[in-house]
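The values are calculated or read from the model by the stated rules, or taken from the named source; none is laboratory data. None of the values given here were measured: they were computed from a predicted structure. Positions of Cβ are backbone-derived with ideal geometry, glycine not excepted, and every protein chain shown enters the neighbour counts.
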Amino acid sequence: MAKKKAAKAAKPAKAAGNQVEDGKVCALLAYLLIGIIWYFADEKMKKNNFAKFHVKQGIILLIVSIIIGVVGSILPFIGWFIILPLGQLLILIWVILGIVYSLSGQEKELFLIGQFAKNLNF
């Protein structure tokens, strides 16, 4: 009896695993902007929750990157020598973490900015 329950419980995990495998490339590329474009162009990817999670994270990362670039460029000296270099380093760390999480099949939020991705609805 316990074996039947274990077998039934394994089936949904396998379906989720297929979704992870199908969306892994799009999720990886979401942190490099190409996956965001692919996600909105491909109907199959729009139905993939794993890809959607990482695309939302990639969009938030893109917005934060633009904000850091604009603020760092406007403010003289502090922006040029502190905000831009440290901000770009932080963005690079987020991109690497996002790629690692997507390749390992994890839906793990990026620290500091991942919570904002939940607010995106599409």
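Points to keep in mind about this one:
- Those residues of the range 83-122 which are farther than 30 Å from residue 22 by Cα and out of contact with any helix residue (DSSP H, G or I) (no Cβ under 8 Å at 6 or more places or on another chain), in sequence order: 85, 86, 89
- When each of 85, 76 is tested for being over 20 Å from residue 26 (Cα atoms) and part of a loop (DSSP other than H, G, I, E, B), the lone residue that passes is 76.
- Close pairs from the range 37-52: first at negative phi, partner β-branched (Val, Ile, Thr), Cβ under 6 Å, at least 6 apart: 39/55; 50/20
- The number of residues in the range 43-73 being farther than 23 Å from residue 111 by Cα, outside any loop (DSSP other than H, G, I, E, B) and either under 17 Å from the mean Cα position of the chain (by Cα) or not acidic (Asp, Glu) (or both) comes to 4.
- In the set 112, 32, only one residue is on the phi > 0 side of the Ramachandran plot, outside any helix (DSSP H, G or I), surrounded by fewer than 16 Cβ atoms within 10 Å (Cβ to Cβ) and not hydroxyl-bearing (Ser, Thr, Tyr); that residue is 112.
- Flag if residue 59 is among the β-branched types (Val, Ile, Thr) and at pLDDT below 95: no
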